[in-house]
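Laboratory data are not the source of any read-out in this text; all were calculated from the coordinates shown. These numbers come from a predicted model, not from an experiment. Here Cβ is always computed from backbone atoms with ideal geometry, including for glycine, and neighbour counts include all displayed protein chains.
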Amino acid sequence: MDKQLLTDNITKLLQRVRRSVEKCHFGNSDILVLAVSKNRSAQEIRVAHNCGLNEFGESYLQEAVQKISELQDLDLVWHFIGPIQSNKTRPVAEHFDWVHSVDREKIARRLNEQRPTHLPPLQVCIQVNISGEDSKSGASIEELPQLAGTILDLPRLCLRGLMAIPAATQDAAQQRATFRQMRETFQQLQSLAPAMDTLSMGMSGDLEAAISEGSTIVRVGTAIFGPRNR
Ligand SMILES: *Cc1c(COP(=O)(O)O)cnc(C)c1O
């Protein structure tokens with residue numbers, strides 16, 4: 001991908017983020033822009049890194065592990081944001097710094113067992129099925145206290161917060177209502193896990209609404225790299 005186009009996209013994106021932060025009263029001034037690089041080549045990630053991005057999100061393990069190894073010369077932070085099968089936890093534990101998609105105890109326990117001792121604890125968000133869709137991964141709101149309690153007891157995991165992928169809608173009021181529910185859920189859970197500091201919500205199409213409701217990480221693919229081919 002053309003460096004100039006990528007630079008322009010990133011400039012526009014950072015403006016969108018900055019404007020939303022200025023309008024928001026939660027005061028999250030340092031919002032992380034996580035560049036979602038699924039389906040993008042290692043070369044495209046290299047260019048994005050040259051444009052100032054350091055943290056990348058991947059959803060598909062096989063291609064992610066390949067790219068992580070190709071890009072070892074760069075100082076990048078890798079986030080796993082895709083669904084996790086319980087027989088695929090090891091590569092997540094071994095190759096990533098963060099995982100946003102922990103949604104059940106079995107996955108948490110396996111990641112804890114498999115996290116190599118020479119690495120810092122894996123930074124974890126619990127994925128919440130906030131729109132209650134049958135087809136989506138994520139824990140229900142009711143399951144959160146118990147799952148958070150389990151993760152807090154696992155020494156190789158560090159519970160950082162919550163992540164959600166709401167049902168897609170163009171309706172800004174609906175987007176905000178869902179993100180507000182996430183924020184309220186997060187604040188309630190903080191009574192159990194006060195060190196939690198991360199709300200991973202907002203993508204290319206709804207990051208303004210997410211930031212208005214207190215997002216601290218927006219996960220952005222299309223607005224950085226352009227439309228995906230698959
Ligand atoms: C693909 C993906 C994104 C990025 O979506 P865009 O609409 O391209 O910004 C964010 N989060 C998750 C979990 C994804 O799978």
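Overview of results
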| read-out | value |
| --- | --- |
| Matching helices (runs of 4 or more DSSP H) fully within the stretch 57-120 where at least 2 residues are within 16 Å of the ligand (Cβ to nearest atom) and over 17 Å from the mean Cα position of the chain (by Cα) | 61-70 |
| Residue match in the stretch 33-53 (condition: part of a strand (DSSP E or B), touching a residue at least 12 places away in the same chain (Cβ under 8 Å) and farther than 26 Å from Arg90 by Cβ) | yes |
| Boolean, Ser20 is surrounded by 17 or more Cβ atoms within 10 Å (Cβ to Cβ), of a type in the set (Ser, Thr, Tyr) and more than 14 Å from the ligand (Cβ to nearest atom) | yes |
| Any hit, the stretch 180-202, residues being outside any strand (DSSP E or B) and under 25 Å from Glu63 (Cβ atoms) | yes |
| Lone qualifier among Pro166, Pro194 - being more than 23 Å from Lys12 (Cα to Cα) and within 13 Å of the ligand (Cβ to nearest atom) | Pro166 |
